[in-house]
Amino acid sequence: MSYTVAPMRKAFGAFMTVLATGCALLLALPLFSILWTVISRGMSGLSLAVFTELPPPPLMQGGGFGNAILGSLTVLAIAALISVPFGIMAAIFVSEFARGTKFANFVRFGINVLSGVPSIIMGLFAYAVVVLTTGTFSALAGGVALAILMIPIVERTAEEGLKSVPMETRQGAIGVGATNFQTISQIVLPAALPSIATGVTLSLARAAGETAPLLITALFNNFYAQGILQPIATLPVLIYNFAGAPYKNQQDLAWVASLLIVTLILIVSIVARSFARRQHFG
Amino acid sequence: MTVSNTQPNPSSAATSEVVISTEKVNIFYGAFHAVRDVYMDIARNQVTAFIGPSGCGKSTLLRCFNRLNDLIPSARVDGRIMFEGTDLYNKQTDPVEVRRRIGMVFQKPNPFPKSIYDNIAFGARINGFKGNMDELVERSLKRAALWDEVKDKLKQSGLSLSGGQQQRLCIARAIAIQPEVILMDEPCSALDPISTLRVEDLMHELKQQFTIIIVTHNMQQASRVADMTAFFNAEAAEGGGRFGYLVEYDRTQNIFNAPQQKSTQDYVSGRFG
Amino acid sequence: MSSFTNESSSGSNGSLAIARLIDRIFFGLTCAFAVFIAVILLWITAQLFQAAYPAIAQFGLGFITTARWNPVEDIYGALPQIYGTIVSSIIALLLAVPLGVGVAVFLSEDFLPAKIRTPIAFVIELLAAVPSVVYGLWGIFVLVPFIRPFLNVIHQTLGWIPIFSTAPDIRGMVQAGIVLGIMISPIIIAISRDALVSLPPQLRQGSLALGATRWETILKVLLPAALSGIIGAVMLALGRALGETMAAAMLIGNAPRISASVFDPASTIASLIANQFAEASGLQVSSLLYAGLILMLLTLAVNVLAEVIITRFQQIE
């Protein structure tokens, strides 16, 4: 038996290193290509008009998607209005009243499974609940669909934030005679606020790019919507529509819209990261 | 009868008047029997110290006095703990009301993640205080001997203070709601010696107006601050585990100079274990 | 001081009662919200079932085995879409698993200095967050023109194999599968890397101390130890690929037929819904919802399995 590394073993190691590096490069190529194309093609079409003007008809030059930006904001606002209270209240129950119980595990299981349900299913659900009831495709239906997508993220981050508040802080409040509600609303929630805010913005960023559920709930609108019970334009649906269009001007606008969404996600991710890093109390 | 119906009568406060008395108190965590058969009377306006080895149940008993053990779902208390003539574990007794009248200072300083001012004001606000808040904050901080150090930075976070200052802030927070009893669970164990001395001096001041019960690992501290001392010990229970019980309860000088029990003698002279 | 005691004692019973009432209401409210979230999945299932019921009553289980989607005669069967969903996901996995795990190993070892690894991990996180419609857009305008010559070469040289037997077009199963694979690879990288990084360092040290080379350690000690975490990652990625709508709808060609060749256009359940839902009516809507229900059950099964595997992996840890 010799105690030198056999040349075969060394060669195998070198081969595997090359293979792994190859994998990394092969995958890096498309991933960076996506970022690069979005930035370069998006920047070249960027102008002030895209924020203010309406989508152009085929073969027309110029135009923008002011209505889709406003529409996306509207739908996201509705989604946040529904998902934030639901997510935070449920997180409070799981973290403050039911910590470590079977029920808490049950809620966590439900949320994990919910977060794996395809987004288009949320769209079908919102269609069945809202569109069939109100009789029209609408911003409200889109908001409901996105809200269900956001709830798991909001609940999870809120629960994590609440759990990171030390037990001693709660005992201090209870020790001066605070009720549970006073302890949670005035001491625990404010302390957990940074991470809850991070969770809400992350979930909004994720929802901002969701297309499939909006395609079958909010539909699209070439003009500004006159209320939340009407079909409404959104950025992701605009990208989808214009990506399939044979007109260059519309395709260019799809890239600009993609750049806006990716930039939004990038900013939110960076802000959320630095927020999480600074998250020591006080 | 609820606790709030029996208002204390300050004029009749005598040094020997009993504030808290326990009768055959047994404390369980699930199936675990943590504390066995405690009978004791705590006197008003005195400092009572609980001493004893780790695991003897002294902190557990202390936390029963303001029903903080309610936070542990498996904890159960048998027997009676009377406060001003009312059973603390009576079904009608509201734990929130109990905690308003029996304050607590914890082992680790636990200021709220709020400003120094709001740390004091929080308890007063939730208890419906309607007087001059600035004055209450100032008065409480002065009595906790912290005012001079923080008067210029009341808006800063309570967490920006040093450990010793944080603990005095927690004491100020406790006295701001005017409890009758203050429970202190090893309040100096996380502090340096100088901060410890300041807190001990503070206890001498505070007992003019409050009844103080302190759990401590430090026998010198008990002999310095306490009027009465209770020694707890832990014993192996049959079937595994250990339970704590009260060995001896007497004036502090008697516990340290002329204990009746051999185990007390061993413990205070450091020949323990 | 006395003012405090007096005021609080006079007002205390009333305000305490209110505080206690608020406390109760608050508890009840949070409990209700938590229960609602826990059972919302059941509600979604029930709603879909109800809305899909006409189609379920009409076609029964034959819906799954019928390959006709005919709005004119109102006869629907989703077999081609089910087939397309599964095959496109398999293509995606074939691409993403080896590459993704390879990259995860690459990033968890010290091939690169930590200074470079952290930004790369961040970019991967970002790519996992890029909306699928952007992947679809990139697929149409960048990927498809780029790979077309390669697909042609494959067809010309290997065309005798059935799966490459038709001439590649600009839309088809393989294009959708590739974009799906690129899309899910960040998930596989991120979770597999976590599984590898969180292994106890003693494992690696023990193996190296026995004289194993770096790659023997990786392949024979580290990867097997992290296997359940990696499988969990793959299952989650599979769930995402099965339910992914946009990349498929934009690239697969939306042809309701089953073809042996991966170069032919096909369709998936999600792309079918995205394409037809807005203009559908009557029994067609119910049928689309029925297809959605099938998709949901399919992904639920995959996700619950992933959940079980990952939980086991965390327990071992």
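Near B:Met104, the amide H atoms lying under 5 Å from its own belong to B:Leu183; only residues 5 or more places off or on other chains count, and H is placed 1.01 Å from N. Couplings for the stretch C:49-58, taken from phi via the Karplus curve 6.51 cos²θ - 1.76 cosθ + 1.60 with θ = phi - 60°, read 4, 4, 5, 8, 4, x, 5, 5, 5, 6 Hz in order; Gly and Pro are left as x.
Compared with the dominant principal axis of the Cα atoms in chain B, helix B:193-206 is inclined by about 90°. Taking label positions 7 Å along the Cα-Cβ direction at both C:Val304 and B:Asp70, the computed distance is 4.1 nm, reported to one decimal. Rounded to the nearest 500, the helix-only mean residue ellipticity at 222 nm of chain B stands at -9000 deg cm²/dmol, with each DSSP H run of n ≥ 4 adding -39,500 (n - 2.57).
Assuming 0.36 nm per residue, please report the length gained on full extension of the stretch A:Ser47 to A:Arg9 beyond their Cα-Cα distance. Result: 7.8 nm gained on full extension.
Would you mind getting me the FRET efficiency between B:Lys153 and B:Arg125? Use the beta-carbon distance for r and R0 = 25 Å, nearest 0.05. So, using R0 = 25 Å, E works out to roughly 0.75. Taking label points 7 Å from Cα along the Cα-to-Cβ direction, A:Lys163 and C:Thr157 give a separation of 5.3 nm. Phi angles across the stretch A:216-222 convert, under the Karplus curve 6.51 cos²θ - 1.76 cosθ + 1.60 with θ = phi - 60°, into 3J(HN,Hα) values of 10, 10, 8, 6, 8, 8, 6 Hz, Gly and Pro given as x.
The long axis of helix B:163-176 is offset from the longest Cα principal axis of chain B by roughly 80 degrees.
With a Förster radius of 41 Å applied to the C-beta separation of C:Ser165 and C:Thr311, the computed FRET efficiency comes to 0.40.
Once backbone amide H atoms are built at 1.01 Å from N, B:Phe50 has B:Ile214, B:Val215, B:Thr216, B:Ala230 as its partners under 5 Å, excluding neighbours fewer than 5 places away on the same chain. Once label points are set 7 Å from the Cα along Cα→Cβ at both A:Leu54 and C:Ile90, what is their separation, rounded to one decimal in nm? Between A:Leu54 and C:Ile90, the simple spin-label model gives 4.9 nm. Here B:Asp201 and B:Arg251 are evaluated by their C-beta separation; at R0 = 22 Å the FRET efficiency comes out at 0.55.
With the cut-off at 22 Å, tell me which of the pairs B:Lys108/B:Lys130; B:Lys130/B:Lys153; A:Lys163/B:Lys153; A:Lys10/C:Lys220; B:Lys58/B:Lys108 have Cα atoms farther apart than that. Going by Cα-Cα distance, B:Lys108/B:Lys130; B:Lys130/B:Lys153; A:Lys163/B:Lys153 fall outside the 22 Å limit. Summary value for the stretch B:17-268: 27 percent relative contact order, contacts being C-alpha pairs under 8 angstrom separated by 6+ residues. Taking a Cβ cut-off of under 12 Å around C:Arg214, the surrounding Lys, Arg, Asp and Glu residues balance to a net charge of +1, with basic ones at +1 and acidic ones at -1.
The slack in the chain from B:Lys91 to B:Gln209, taken as 0.36 nm per residue of separation less the alpha-carbon distance, amounts to 39.5 nm. Of the trypsin sites (Lys or Arg not before Pro) found in the stretch B:74-138, the ones in coil according to DSSP and having at most 10 other Cβ atoms within 10 Å of their Cβ are B:Lys91.
By the Stokes-Einstein formula, at 1.002 mPa s and 20 °C, the stretch A:52-277 with its Kirkwood radius over alpha-carbon pairs has D equal to 113 µm²/s.
Note on chain B: the C-alpha convex hull projects to 14.9 nm² when averaged across all orientations.
Between amide H atoms placed 1.01 Å from N, distances below 5 Å from C:Trp69 occur with C:Gly77, all of them 5 or more places distant or on a separate chain.
Read-outs: derived from the displayed coordinates by stated rules, not from any lab. The structure presented is a predicted model; accordingly, all values stated were derived computationally and were not measured. Methodologically, a virtual Cβ is constructed for each residue, glycine included, from the backbone with ideal geometry; neighbour enumeration extends over all protein chains shown.
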